[in-house]
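The values are calculated or read from the model by the stated rules, or taken from the named source; none is laboratory data. None of the values given here were measured: they were computed from a predicted structure. As a convention, Cβ positions derive from the backbone with ideal geometry for all residues, glycine included, and neighbour counts pool all protein chains shown.
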Amino acid sequence: MSSTSQFSTLYSAEQIQKKVKDLGAKITKDFKGKAPEMLCILKGASFFYADLIREINLPLSCNFFGISSYSGTKSTGNIKITLDLISSVKDKDIIVVEDIVDTGLSLEFIIDYLKSKKAKSIKVVSLLYKPGQIKVKNINVDYYAFELTNQFVIGYGLDYNEAWRELPFIAQMNSLN
Ligand code: IMP
């Protein structure tokens, strides 16, 4: 673990890329014979998404959806669509690509929205998962790279008030934890 005064590295770029490769291989195997649509949840999942889809060996398609719920280090529970689905999900096998599942409220909102738009099937892959923080029932994180307790993390797409997304690694903010 390397650190500066502001943050400590939790997962290096190399560790992330290895996990992304493994997830890509699993999804390729599980979706053999299908042509899933990979749905990037903006903005946080964008870096993970770009790396993950290049590790999947399937005839996939890309779609994008933007929501926001966080302010600082807290989920407001007030979820807003910042960018509606770029294209229709009707009758498609959708793989939702999330940056992190914390309370699960965002994911619940996304899944309900996709169901209302008549997606054929919905699976979820998240870079990070905080199972101890979940506040909703009946949501399933089918694939994830790393499990966290209740740390607030930044980097590789994840932000603190829009800062630090560009870091190539995942880090814990020292001043907040
Ligand atoms: P949830 O609705 O509480 O599951 O939160 C999901 C969203 O909150 C994620 O997509 C992130 O954008 C944000 N979030 C949750 N935990 C963190 C964190 O540790 N760092 C940065 N963003 C986070």
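Conditions (1) surrounded by fewer than 18 Cβ atoms within 10 Å (Cβ to Cβ); (2) more than 18 Å from residue 158 (Cβ to Cβ), marked per residue:
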position	(1), (2)
29	yes, yes
35	yes, yes
40	no, no
48	no, no
82	yes, no
89	no, yes
93	yes, yes
100	no, no
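Total residues in region 86-111 satisfying the condition of being free of Cβ contacts under 8 Å to residues at least 60 places away in the same chain and under 16 Å from the mean Cα position of the chain (by Cα): the figure is 15.
Is one or more of the residues making up region 144-152 within 9 Å of the ligand (Cβ to nearest atom), within 29 Å of residue 7 (Cβ to Cβ) and hydroxyl-bearing (Ser, Thr, Tyr)? No, there is no match, as no residue in region 144-152 is within 9 Å of the ligand (Cβ to nearest atom), within 29 Å of residue 7 (Cβ to Cβ) and hydroxyl-bearing (Ser, Thr, Tyr).
Condition check ((1) basic (Lys, Arg); (2) farther than 23 Å from residue 172 by Cβ; (3) within 13 Å of the chain's Cα centre (by Cα)) across all residues:
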{"site": "48", "(1), (2), (3)": "no, no, yes"}
{"site": "65", "(1), (2), (3)": "no, yes, yes"}
{"site": "84", "(1), (2), (3)": "no, yes, no"}
{"site": "116", "(1), (2), (3)": "no, yes, no"}
{"site": "123", "(1), (2), (3)": "yes, yes, yes"}
{"site": "130", "(1), (2), (3)": "yes, no, yes"}
{"site": "137", "(1), (2), (3)": "yes, yes, no"}
{"site": "141", "(1), (2), (3)": "no, no, yes"}
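In region 97-132, of all residues being under 16 Å from residue 69 (Cβ atoms) and aromatic (Phe, Trp, Tyr), the one that is farthest from the ligand (Cβ to nearest atom) corresponds to 113. Report whether or not residue 135 is surrounded by fewer than 16 Cβ atoms within 10 Å (Cβ to Cβ) and more than 11 Å from the ligand (Cβ to nearest atom). When the stated conditions are applied, residue 135 does not pass them. Only one of these is in contact with a Phe, Trp or Tyr (Cβ under 7 Å, 6 or more places away or on another chain), touching a residue at least 40 places away in the same chain (Cβ under 8 Å) and over 21 Å from residue 66 (Cα atoms): 154, 170. Name it. Only one candidate qualifies: 170.
Could you say whether any residue in region 70-91 is near the ligand (Cβ under 9 Å from one of its atoms), under 21 Å from residue 31 (Cβ atoms) and at pLDDT 95 or above? No: zero hits.
Here residue 31 fulfils each of the conditions (1) among the aromatic types (Phe, Trp, Tyr); (2) away from the ligand (no atom under 16 Å from the Cβ); (3) at pLDDT below 95 apart from (3).
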